[in-house]
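Chemist: Sharing a structure below in structure tokens format, with a few things to ask.
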Amino acid sequence: MNYLLLEKSDGMGVITINRPDAMNAMKAEVVSELSMSVSDFIQDDEVGVIILTGSGEKAFVAGADIKAMQQMDSNDALDFGKAGQEMTLIIENSPKPVIAAVNGFALGGGCEIALACHIRIASENAVFGQPEVLLGIIPGWGGTQRLPKIVGTGNANELIITGNHISADEAHRIGLVNHVVAQDELLDSCKEIGKIILKNGPKAIAISLQCIYESFDKSIQDGLAVEVDAFAKLFSTDEAKEGMTAFVEKRKANFRS
Ligand code: CO8
């Protein structure tokens, strides 16, 4: 990998986007490396939780690479847009939770990558925004679709059509991030959440995420049908047997021996 740092320990895979001179901006190669690395961690039995962050202390990802986009025509933009959307779908559909450790600017495509993650933790200096309209373009990696679902239509409208930056605290207030922590505690905070998740049943985690995801485009009746079906199927897994037996036997469940 030329633009990513990869690290694996204690059941967690950490991906660091590493283009600090360009505020970790995403050019096509970075998009394809990120898609590949998330996919690899999804396949890796030693990894149960994925953490995604940016290198340095200033930026998570300051967006798609504007210098590369300046050279693109509509066909190039379509390819770049689709590759970035595919990357966000790989993250969002990961059966292993992906936690965004947002350590600075998360602008444009950077904010959209964070939106695709299952949990977002921000450092106090983090800054969020969808400033595409300042460039005469719009969010292209899911911002218009995921942001309103996470922060509500009014907040999404304002962020996208003003292009304003917001602080980590404001992002927390509108529900864009789960927690705000000191910058030097960011990775440890994400790993603490990761450790809690790793104690739980991996199939139950994956299926919970899938049911939540499916709620986006289903009526309440259809969504409940998906949920109860998944709920029932879990009863035939070793995981559910272990979890419920452990409770009855007053011991901790061991899901990942
Ligand atoms: N692309 C390319 N280079 C960047 C980017 C970027 N997005 N952001 C920062 N850089 C570069 C700067 O050009 C600069 O490089 P150099 O030293 O060679 O001039 C270096 O990083 C440091 O940046 P600054 O000097 O600007 O640092 P500041 O601390 O003054 O400012 C900011 C930091 C606020 C992050 C500022 O750099 C900025 O506003 N960056 C652009 C943010 C932005 O507009 N992002 C949205 C981009 S559009 C997008 O993401 C669309 C996603 C969907 C794509 C769909 C494809 C079709």
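The values are calculated or read from the model by the stated rules, or taken from the named source; none is laboratory data. Everything numeric in this text was worked out from a predicted model, so none of it was measured. Every residue, glycine among them, receives a Cβ derived from its backbone with ideal geometry; neighbour counts consider all protein chains shown. Ligands, DNA and RNA are stripped out before the accessible areas are found, and what is left, the full protein with its side chains, is counted by its heavy atoms. Shrake-Rupley method; radii C 1.70, N 1.55, O 1.52, S 1.80 Å.
Chemist: Being open to solvent by 50 Å² or more (accessible area, probe 1.4 Å) and among the hydrophobic types (A, V, I, L, M, F, W, C) is the filter here, so list the residues in the range 151-165 that pass it.
Modeler: Listed by number, the list holds a single entry, 161.
Chemist: Of all residues being of a type in the set (Val, Ile, Thr) and in contact with a Leu (Cβ under 9 Å, 6 or more places away or on another chain) in the range 113-127, which is most open to solvent (accessible area, probe 1.4 Å)? Just the residue, please.
Modeler: 127
Chemist: Determine whether the range 57-72 contains at least one residue that is modelled with pLDDT under 95 and either open to solvent by 20 Å² or more (accessible area, probe 1.4 Å) or more than 11 Å from the ligand (Cβ to nearest atom) (or both).
Modeler: Taking every residue of the range 57-72 in turn, at least one turns out to be modelled with pLDDT under 95 and either open to solvent by 20 Å² or more (accessible area, probe 1.4 Å) or more than 11 Å from the ligand (Cβ to nearest atom) (or both).
Chemist: For the range 1-19, enumerate the residues that are away from the ligand (no atom under 16 Å from the Cβ) and under 30 Å from residue 76 (Cβ atoms).
Modeler: Those that are away from the ligand (no atom under 16 Å from the Cβ) and under 30 Å from residue 76 (Cβ atoms): 1, 2, 4, 5, 6, 15, 16.
Chemist: Moving to a separate point now. Take residue 140 and tell me if it is crowded, with 24+ Cβ neighbours inside 10 Å, near the ligand (Cβ under 9 Å from one of its atoms) and either touching a residue at least 12 places away in the same chain (Cβ under 8 Å) or not assigned by TED's automatic domain parsing to the domain that holds residue 45 (or both).
Modeler: No, not satisfied.
The rows are residues; the columns are (1) closer than 24 Å to residue 145 by Cα; (2) small (Gly, Ala, Ser).
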position: 10; (1), (2): no, no
position: 27; (1), (2): yes, no
position: 41; (1), (2): no, no
position: 61; (1), (2): yes, no
position: 77; (1), (2): yes, yes
position: 101; (1), (2): yes, yes
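Chemist: Continuing with this model, one more query. Across the range 20-39, which residue is farthest from the ligand (Cβ to nearest atom) among those that are under 16 Å from residue 79 (Cα atoms) and among the β-branched types (Val, Ile, Thr)?
Modeler: Among residues in the range 20-39 that are under 16 Å from residue 79 (Cα atoms) and among the β-branched types (Val, Ile, Thr), the one farthest from the ligand (Cβ to nearest atom) is 30.
Chemist: Which residue out of 152, 109 is farther than 22 Å from residue 188 by Cβ and within 15 Å of the ligand (Cβ to nearest atom)?
Modeler: Matching residue, one of 152, 109: 109.
Chemist: Residues that are within 15 Å of the chain's Cα centre (by Cα): find the strands (runs of 3 or more DSSP E) completely inside the range 73-168 holding 1 or more of those. I'd like the intermediate steps shown before the answer.
Modeler: Working: elements: 98-102, 105-107, 119-123, 127-129, 165-167.
Passing ranges, in order: 98-102, 105-107, 119-123, 127-129.
Chemist: Something else: Out of curiosity, is residue 188 over 18 Å from residue 50 (Cβ atoms) and open to solvent by 90 Å² or more (accessible area, probe 1.4 Å)? If you could, list the steps in order and put the result at the bottom.
Modeler: Working: over 18 Å from residue 50 (Cβ atoms): no; open to solvent by 90 Å² or more (accessible area, probe 1.4 Å): yes.
Answer is no for this residue.
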